[in-house]
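Here is the structure we will look at.
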Amino acid sequence: MTDATAPDPPSLFERYRVPLGLVVLVLALRPVVSSDLLLGFEAIANRMLILMLFVAAFNLLFGFTGLLSFGHAMFLGFGVYVPAIVVVNGLPGLPPGGSLTFLAGVVLALLAVAVFSYLLARLIVGKGEIYFALLTLAVSQAVYFVALRDPGGLTGGSNGLTRGALPAFVEQSRGHITIHAFGLSVDWYWVVGAVFLVAMVGLWQVLRSPFGRTLVAIRDNEQLARAMGVDTTSYKVWSLTFSGLLAAVAGVLLEINNSGASIENLGVLTSGDTVLMAVLGGINYFFGPIAGTFTWLFAEDFLTDFEVLHLPTAEVSLVSVDLGPAFQFWQFFLGALFVVVVLTAPEEGIWGYVRSLSARVKRRLVER
Amino acid sequence: MSEDERVTRRAFLQYGGATAGTAAAISLAGCSSGDGESDGTGDGGDDGSDGGDGSDGGDGSDGGTTDGGAGLESLSIGMVTSTSGPFAVFGNAAVTGAELAIQDLESEYDVSVDLTTADSQLDPSTALDEARSLVTDDGVDFLMGAVSSAVALKVAGWANQNGVTYFPTGAHSSALTGEACGQYVFRPSASNSMLANTIGAEMAAAADEWYLMYSDYTWGQTAQEAVSTILEDQGKTVVGTEAVPFPSDDYAQYINNAKASGAPAIGVLIAGLDLRKAANQIIAKGIQDRTLAMHQLEDIVYWGLDEESASILDIAGQVWGPGVDGGDDFKQRVADESEMDPYVRHLLGYMSADQGVRAAVRADTSDPDAMRDTLEGHEVDSPIVEMKGGGEMYWRAEDHQLVQPTYTVSSLPTGEMSNDPYKTWFEVEETFAGDDVVRSVADTGCSL
Amino acid sequence: MNDATTGLVRRTRRRLAGVSPVAGVATVVAAVLLGNAAVQEPGLFIDQAIGGLVYGMILVMLSLGLALVLGLMGVVNFAHGALFMLGGYFTYSAMETFGLPFVAALVVAPIAVGIVGVGMEVVVLRRLYGTTPIIGLLATFGLTLMVEEAARFVWGASGLQPSKPEVLTGGTDLLVTRVGSYRLFTVFVSALSVAVVYYLIKNTDFGLSVRAGVQDGEMTEFVGVNLPLRFTAMFFLGSVIAGLGGALRVVEFGVDPGTAEEFVILAFVVVVIGGVGSLFGSVVAGLLVGWAQFLLPVVLSSLALVTGVAAIEVEGVGRLIPFLVMIAVLLVRPRGLFGEEGLLE
């Protein structure tokens, strides 16, 4: 059975394991996360999915095209701020707070971010890795300070936008968000899940396409790609444009999730956290950003609530270790893990490790 | 094929079972612990899975509401405030005040109250996540807290949309009981407009031309608007205003501009401990002999300066301070039980918890609508009245503002500043009744 | 016209010929605007100029270390801001916890930072020599996070500020205005330390051997120079001076866990504007950034006064300017003002 015969063509399962995995993720995330065993509350699942999408958008640019952006928050910001501004102020012909107004805002946001990222990309993709990173940082800081200045009273400066920033079809009650559309009432989580699924499957398709493969080729060896006649600049520009667009989609979801816009959505911490989550998760893999985001957010919630570790069980406690104070500084440990990942296996990350582990386990099991 | 499958599954169970089991055991242990301190003897940290342990409808639709009429047995309060960062001193003081209130309330009523705190990190979006987590995860009955008005504004907006009662403990921005007012938000402190009215007459009498420096967020912005309005109503001129980013390291630029404006009087509407930096710069630039006014003096800001710097303010308004005649027991308790000298934030924390719990007890439920109905128009008669000097206090129904006395204070001469049993560096000049300083309902811009 | 004047004219003409028209026009415009501001509001102008000088010198001290490491060793050290921050924290601890006098703290803290820096270099940065710059940037970014959290653990999350020594509180009269004495002290100390570092790099054998090592490591080692040791020593120097910058700053402005990120971004802006690989560029750029941030509001308000167009006086541009300049520099002339071509591209 172990002769060198031709390998079986990949089964249907194999070929579509990414979309299947995504569907499982969306279906399982909230129940798993809200079980008492883990975090015990649901709302975090919304945030997880939204940020997973955002980090995946970032990783399109970094993991799959090889361009490090230290200012991805600005694209997210477009998706958060533009719909909020439109809903608060209304448009000619569309009243503030209306559902159609919101949709118009979303369209406007996506158009604006597409134009912005395209133009920005045209300016900066040719500049070299480090300069590109610094430029994205500088532009994102510039956008941050401009929004902070509250031009025309639109962005609300450091206060952000809260009042009137949600369209009529959103209903909230004690932390539960429900969407009323087309006569249906849908739990917000499923709306987020649906958008997430569509966006991520779209991303997967892009990465599978010739366009996506060319991006990977550019990442691996740009000079070779250019020598083969690929217009690398054009590919990079489109990669950045698409990445920005996807990030803005996540931003739109975040706007509804957070009842408005906050200046920190544009801040350097948001951008920095994104880099951390992506690298931690594994930039070479489609599921890497997802794993990284999950780990980061999980750690943030789980570890900060962690107080005393009883060994072996809570009832029969022989040894109790007060870990609360140490775990408040969970970012230190994840930061250390991040440094280790960067130094030893920068493209692998957690997902890479999980995969190699499961490959080893599978091998061990089959060998039995 | 099937045999392999069976082997595979068995092997997996053997192999994976042990690991999964240990992981489960550890996480179980981690989650079910941490209920040691039920009445939150405070270190301001997250008290974790306390009272509303998730079993109380933590992920349900209305966390922790007890049956109406069955008698309220326990209450869970969620407090989102700054326990780290530039406002940490203020947030932690409010937590201490809340804890003292809970001690008193538990002995007065037959209700067990617990407090869960969360750190807003001075960021509105973090505060929103924490507030949401407190309501959905910890199942708190109502929310309180916030030092920064920007944080309060964000949480208040969310609370109004979600039907959660919220007391923005230490936020003074007029917007909270103005254009951003809402059904479920009740502000326990004085508003910027009340404080501006308090010092307005004295400011107008002191100088004809004023230059106003203010921290550039909702608190400072509404303060500047209120003060400008007061001055202009009395025929004085505001020669210039300066929006100072908050927080800032360097106040030299802005003090420079104030000095260059030539105005004989400067309004220093700067938030929190940044006021110390501004004060130091004022002295470094040598302009402390101009008339300086601030509408919301908090003693602690000045205790960090030397006594000469602490007395640079000529006109100061205050919500409360150790110099106010009242609440001596409370002041003593704060000094004894925490390691801090009492100041306004302690009282504000006390007031929020006090009023929230009493409202729930009166309504016999923690249902937000019932609590609102019993708060609107309610004339306060709890110990906080005496602590605030005995003046009339009531919750105005039209904007949910707690109408209360305010004070103008001035610093005591250096020799008379007392540090024992707690710091008293300021004395009350004049007391104003709440009704005299609160703006008319029409002016608030609030429609409930 | 006699010979001396002709000679002068000829030399000036030759010099001017080498200057690009853009630079020339820019300088003239800047001079006019500054002059206008100085004339309209002299007191404010001097105040802001001093403030800008202080801020700029601090930036120079921070960027010098970064430029040293980047230009000489090719490592993008994002953790440099963390060293700056530690300088502030160590100074605070030295003065408040251990009761050291100010001058002693000013010596002890930077040296402690230098030691931390060496530790950082030996454990992490050494593995990054020879890898792509992005890896270095990422690894040091992670380091910054670790240091920030460690700082939060040790010193808490609120801002800290030691008390200023008596003799330096208050102001000094300076022509048309009063300036904080401590600020003048900062300018003095930073100028001195920059001069010392400069001398070390340019005029000693030590600096020469490091520069040689960067140009051709193999050959330099062949000649018998212990390069890793020299690199470590250079890193020590860069860390010390960053720590000194932090020490000077903390007394006046305090320090908090966010200081690291806030300043490292500015340091990169300065290094990029000045030109990667040029120490002189970092000095000039640091001063320019500091002055731009402080003087721009004055320039704008004077311009608004003169022209009567109030809209010119845009508030809050100060913080935006460094980034706009960096963007402009990177787009138009990536090697910066004085940098060498091709580095990092």
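Here, each number is a calculation from the coordinates, and none is a lab measurement. Note that the structure is predicted; figures quoted are calculated from it, not measured. Please note: Cβ atoms are built from the backbone with ideal geometry, for glycine as well, and neighbour counts cover all protein chains shown.
Quick notes
- Here the calculated FRET efficiency for C:Asp173 and C:Ala212, from their Cβ-Cβ distance with R0 = 51 Å, stands at 0.55, rounded to the nearest 0.05.
- With the cut-off at under 20 Å, measuring from each backbone N in the stretch B:398-416 to a point 7 Å along the Cα-to-Cβ line of B:Asp325 picks out B:404-413, B:416.
- Amide hydrogen neighbours beyond the local backbone of B:Glu429, cut-off 5 Å, H modeled: B:Thr408, B:Val409, B:Ser410
- Ordered by the count of other Cβ atoms within 10 Å of each Cβ, fewest first, B:Asp249, B:Asp138, C:Asp173 give C:Asp173, B:Asp249, B:Asp138.
- Scattering curve values for the stretch B:102-253, log₁₀ I(q)/I(0), Debye with Cα scatterers, q = 0.10, 0.15 Å⁻¹: -0.45, -0.84
- Less than 5 angstrom separates the built amide H of B:Ser74 from those of B:Ser112, all sequence-distant by 5 or more or on a different chain.
- Sites A:Leu357 and C:Leu324 - FRET efficiency at Förster radius 60 Å, r taken between beta-carbons, to 0.05: 0.80
- 3J(HN,Hα) couplings calculated from phi for the stretch B:352-360 with the Karplus curve 6.51 cos²θ - 1.76 cosθ + 1.60 (θ = phi - 60°) are, in sequence order, 5, 4, 4, 5, x, 5, 4, 5, 5 Hz; Gly and Pro show x.
- In sequence order, calculated HN-Hα J values of the stretch A:176-191 (Karplus, 6.51, -1.76, 1.60; Hz; x Gly/Pro): 9, 9, 10, 9, 10, 9, 6, x, 9, 10, 10, 4, 4, 4, 6, 5
- Furthest towards positive pole of dipole, B:Tyr211, B:Asn197, B:Thr177, structure part the stretch B:176-301, Cβ charges: B:Tyr211
- Counting only whole DSSP H helices of chain C, the ones at least 24 Å long by C-alpha along their axis and with mean Kyte-Doolittle hydropathy no lower than 0.0 are C:21-40, C:42-67, C:102-123, C:133-155, C:181-203, C:227-253, C:279-307.
- DSSP-loop chymotrypsin sites (Phe, Trp or Tyr not before Pro) across the stretch C:1-107, with at most 14 other Cβ within 10 angstrom: C:Phe98
- The 3J(HN,Hα) values that the Karplus relation (6.51, -1.76, 1.60; θ = phi - 60°) gives for the stretch A:239-245 are, in residue order, 4, 5, 4, 5, 4, x, 4 Hz. Gly and Pro appear as x.
- In the stretch A:196-293, the C-alpha radius of gyration followed by the widest Cα-Cα span (Dmax) gives 15.5, 50 angstrom.
- Order of C:Tyr199, C:Tyr182, B:Tyr214 under a 10 Å beta carbon neighbour criterion, fewest first: C:Tyr199, C:Tyr182, B:Tyr214
- Violating pairs (Cα-Cα greater than 19 angstrom) within the set B:Lys331/B:Lys423; B:Lys259/B:Lys285; B:Lys236/B:Lys277; B:Lys331/B:Lys388; B:Lys236/B:Lys285: B:Lys236/B:Lys277; B:Lys236/B:Lys285
- Over the residues of chain C, the helix contribution to mean residue ellipticity at 222 nm works out to -24000 deg cm²/dmol, using -39500 (n - 2.57) for each DSSP H run of at least 4.
- DSSP-defined beta bridges in the protein assembly as shown - what % are antiparallel, rounded to 5: 50 percent
- Spin-label model, C:Val309 to B:Asp110: label points 7 Å out along the Cα-to-beta-carbon direction sit 7.7 nm apart.
- Counting only Cβ charges, +1 for Lys and Arg and -1 for Asp and Glu, the dipole size of the stretch B:105-220 around its Cα centre is about 340 debye.
- Cβ-defined net charge surrounding A:Gly260, 14 Å radius [Lys, Arg +1; Asp, Glu -1]: -1
- Relative exposure of C:Lys202, B:Lys388, judged by other C-beta atoms within 10 Å (fewest first): C:Lys202, B:Lys388
- Amide H contacts under 5 Å for B:Phe246, placed H, 5+ residues apart: B:Asp216
- Among B:Thr374, B:Ser447, B:Asn419 - extreme Cα towards positive end, dipole of the stretch B:325-448, charges at beta-carbon: B:Ser447
- Residues A:Asp8 and C:Phe188, FRET efficiency given R0 of 56 Å [Cβ-Cβ distance, rounded to 0.05]: 0.15
- Shown for the protein assembly as shown is the translational diffusion coefficient from the Stokes-Einstein equation, using the Kirkwood radius over Cα pairs, a temperature of 37 °C and a viscosity of 0.692 mPa s: 103 µm²/s.
- For the stretch C:15-168, the spread of Cα positions along each principal axis, largest first, Å: 50, 49, 26
- Taking 1.567 mPa s as the viscosity and 4 °C as the temperature, the Stokes-Einstein diffusion coefficient of the stretch A:122-246 based on its alpha-carbon Kirkwood radius rounds to 70 µm²/s.
- Dipole axis of chain C (+1 Lys, Arg; -1 Asp, Glu on Cβ), positive-most option in C:Gly88, C:Val298, C:Ser239: C:Val298
- Net charge dipole size for chain C [Lys, Arg +1 and Asp, Glu -1 on Cβ; Debye, nearest 20]: 780 debye
- Taking the three principal axes of the alpha carbon atoms in the stretch C:218-345, the coordinate ranges are 68, 38, 20 Å, sorted in descending order.
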